[in-house]
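Following: one structure in structure tokens, then a few remarks.
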Amino acid sequence: MSISFDAAAKQFHLCNGNFSYIIRILENGSIGQVYAGAALRKNSAYPLLDPIPFPGFSNNDKTFTRFEYPANGNGDFRRPAFVVRFTEGAAVPEPCYKSHRIYAGKPGQPGLPSTYTEKDDEAATLELELLDAASGLRIILFYTIFAQYNCLARHVRFVNDGNKKITLENAMSLSLDLPDSRWNLITLTGAWAREFDIGDAPLRTGFQGIQSSRGISGAQTNPALILRRPSATENEGEALGASLIYSGNFIADVEVDQWDIARLRIGINPETFSWELAEGAVFDTPEAVLAWSGNGLNGLSQVFHELFRNRLARGPWREAERPVLLNNWEGTYFNFTEKKILEMAASARNLGAELFVLDDGWFGKRDDDHSSLGDWFPHKGKLPEGVAGLAQKVTALGIKFGLWIEPEMVNPDSDLFRAHPDWAIHIPQRPRTEQRNQYVLDMGRPEIVEHLFKVLSVILESAPISYIKWDMNRYITEPYSVALPPPRQGEFFHRYVLGVYDLYARLTGAFPEILFESCASGGARFDPGILGFAPQGWLSDDTDAVERLHIQEGASLIYPLSSMGAHVSAIPNHQTGRLTPLAFRAMVSFFGCLGYELDPTKFSAKEQEAVKKQIAFYKAHRRTFQYGNFYRLLSPLPGRSVINGPYPLNGRFAAWMTVSEDGKEAIVGVYKILSNPNQRPFRLKLAGLKNDADYQVTVWEEGGYSAEDKNLNCGNRGGDELMQAGLLLECTVHHSPKNGDFFSELFLLRKQGA
Ligand code: GLA
């Protein structure tokens, strides 16, 4: 991995052997984008890469049409990477190259989550300093290239070195001008209980993209976008992805111009943002990660997975195996007593669960969702000996104890709101909108963060608590801070996010042994910003296993399995009414951090035995499930037929695979969603194995299997054969009538020899 500067060509080449990123200082001092893709040799000139000189971008450089961090108003009429307004009201900066620095390692970003290095030789960083001479505005572009991961971490620092106030009105974390538009744009969109829907459509001239203005990243849009070549599949072809390490309002878009140049941008949503830079003030954008793969979408996902798992997640839980938990929410909702909780915890312990999580309803006088958010002291009616008493009793049973909180919220019916009505976000003299009967606290105000840190620390210190589920159950309306003067209200949303990060940093810093899991009505704030503090998150309130095939598949485009909370729940499923076998539900949840979310005291003796075996199997293989290399083999989404599968399988089957870090074991899950009469047999090609190794293939018999599949596929098989020919499935007409809908099988592969 290296960053080189060719002084004669004024060119920077960032390369890690697989991936190259090349930019150049242009004649007029602005920065041109030359290349982002498969590694190129170091050359001072790349005549074939130079943009074709089109007219139209006069003030930048007549021969260049692709820019690295483009301004507005100077002849480049596309959407800019940043906008600043000067005191006199003009908004046309002319930033030019001033200096640069190249060094080993990666700097941190105060107040914001970001990727990091532990040793300087893991990465190299380029700081490129630009100066707008007329105003004194300095812009520093940061690029870090990692030796091990095919990606760049980028962010931008604005420094007002002038003697007049400057207002930032747009500050993208990343902008990239690609030389052609032959890409499909993939986005992750959705809604409550149906998060992470994969959208995949060819780019066209004009704008396309996603954004959030809800105050958090949102269930509707996830802060990432992927470009894949139209011919790229899960395992082959080129793909580029951008992911924003941020939990607030964002924009991620692509603009295809009249010359077919595709400008990709990701950053804070400028529609709800402005930031005043007084003399000497500094503003840092959040970090964005630009990942590249020559091995299709699985290759791209693996870059994100490894980076986020190893160099975004922090603390002792980064590498630790995550506990199998039982959460009481769908089992009891608000309706529980201490006795009931202890019965559930004992039963969970007997099944092999390692952690009992008490969800909403343990505090204030909360018996439904109308009251008490903000009152973080025990509900004495339900917990006569408080959280401490309960936690001690639960841990005495031999199972750890975890707790749900929703710190950013307040109900109008709460002691906190009665004491501090002004702490809830509102616009003076205007009505306040309630959602789920609650308001949002103004996390941009340090005294509120301080209060929350104090009251939550009291609870966390008072009891043996090993886990916290941090929820956030509404979006922000009437965005306004009474602590900011009117001209600076554009800072409100970003200050909110910084306040949330501050509280997260303080709590995780003070209680490093606690495992934090994030949640926002399911997956409404499942983003890399939060992953920087909470290494796992609750992906969706939808626990239906069929729906989860879609949701976990979509999330896996960017997020590692170690970050995905995945629970087995009761049937009929509470979100869909669907009945699926217990084994099918478990086998879907295995590909993530396994939990159960139901009342375990209601299991029959047969179900108890089955669950014990599920948990034991998962524990024996959880390193592979949580930290292995993950491959999507067959998509459950009909719309993805072009990517991976012959048409008749689409929507009816799904298949996932994970290969342990040491390559010694692999697990394949095959899920038949809807049964098909006389289904054609098919071969499921595996991935990530060694061609020249043999694997002992078995099925997990406790989960159910078909005798034909077992006979055909089990035994000693070559890695080459498994990848080139694949497992043979559905090889008899009897398969469908015998196994019906929602039939799943798990194949276990053990590498033979050393
Ligand atoms: C949200 C979460 C759920 C549960 C409830 C409790 O909806 O996503 O998992 O914790 O809140 O009110």
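The values are calculated or read from the model by the stated rules, or taken from the named source; none is laboratory data. None of the values given here were measured: they were computed from a predicted structure. Because the Cβ atoms are built from the backbone with ideal geometry, glycine has one as well, and the counts that use them run over all protein chains shown.
General remarks:
- Scanning region 430-452 for residues that are within 15 Å of residue 216 (Cβ to Cβ) and among the β-branched types (Val, Ile, Thr) turns up just one, 440.
- Filtered residues of region 392-419 (kept if assigned to a loop (DSSP other than H, G, I, E, B), in contact with a Ser or Thr (Cβ under 7 Å, 6 or more places away or on another chain) and more than 13 Å from the ligand (Cβ to nearest atom)): 414
- Residue ID - farthest from the ligand (Cβ to nearest atom), chosen from residues in region 327-381 that are of a type in the set (Asp, Glu) and in a helix (DSSP H, G or I): 343
- Pick from region 521-537, criterion touching a Ser or Thr at 6+ places or on another chain (Cβ under 6 Å) and assigned to a loop (DSSP other than H, G, I, E, B), ranking: farthest from the ligand (Cβ to nearest atom): 533
- Residue selected from region 459-498 under the condition more than 16 Å from the ligand (Cβ to nearest atom) and basic (Lys, Arg), by the criterion surrounded by the most Cβ atoms within 10 Å (Cβ to Cβ): 495
- Count of residues meeting criterion [within 19 Å of residue 487 (Cα to Cα) and not polar (S, T, N, Q)] in region 78-110: 8
- Within region 728-754, tally of residues that are hydrophobic (A, V, I, L, M, F, W, C), at pLDDT below 95 and buried (at least 20 other Cβ atoms within 10 Å of the Cβ): 1
- Number of residues in region 538-547 that are more than 10 Å from the ligand (Cβ to nearest atom) and among the aromatic types (Phe, Trp, Tyr) equals 0.
- Cβ separations smaller than 7 Å between residues 6+ apart or across chains give the following pairs from region 392-421 residues that are free of Cβ contacts under 8 Å to residues at least 40 places away in the same chain to residues that are in a strand (DSSP E or B) and within 13 Å of the ligand (Cβ to nearest atom): 410/438.
- Applying the criterion of at least 1 residues that are of a type outside the set (Phe, Trp, Tyr) and surrounded by 24 or more Cβ atoms within 10 Å (Cβ to Cβ) to the strands (runs of 3 or more DSSP E) found wholly in region 189-257 leaves 224-228, 239-245, 250-256.
- Evaluation of residue 476 against the conditions (1) assigned to a helix (DSSP H, G or I); (2) out of contact with any helix residue (DSSP H, G or I) (no Cβ under 6 Å at 6 or more places or on another chain); (3) farther than 30 Å from residue 321 by Cα shows that the sole unmet condition is (1).
- Filter result (closer than 19 Å to residue 212 by Cβ, within 14 Å of the ligand (Cβ to nearest atom) and not hydrophobic (A, V, I, L, M, F, W, C)) within region 499-520: 518
- Residue count for region 728-754, restricted to those that are under 10 Å from residue 679 (Cβ atoms) and in a strand (DSSP E or B): 1
- Candidate set: region 417-458, residues that are out of contact with any Leu (no Cβ under 9 Å at 6 or more places or on another chain) and crowded, with 21+ Cβ neighbours inside 10 Å; chosen: the one nearest to residue 405 (Cα to Cα): 440
- Lone unmet requirement of (1) modelled with pLDDT of 95 or more; (2) buried (at least 21 other Cβ atoms within 10 Å of the Cβ) for residue 320: (2)
For every residue, the table says whether it meets (1) surrounded by fewer than 22 Cβ atoms within 10 Å (Cβ to Cβ); (2) among the acidic types (Asp, Glu); (3) touching a helix residue (DSSP H, G or I) at 6+ places or on another chain (Cβ under 8 Å); (4) in contact (Cβ under 8 Å) with a residue 40 or more places away in the chain.
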position	(1), (2), (3), (4)
123	no, no, no, yes
134	yes, no, no, yes
139	no, no, no, yes
158	yes, no, no, yes
164	yes, no, no, yes
169	yes, yes, yes, yes
174	no, no, no, yes
185	no, no, no, yes
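- Filtered by the rule that a residue be surrounded by fewer than 23 Cβ atoms within 10 Å (Cβ to Cβ) and part of a loop (DSSP other than H, G, I, E, B), region 81-95 gives 86, 87, 88, 89, 90, 91, 92, 94.
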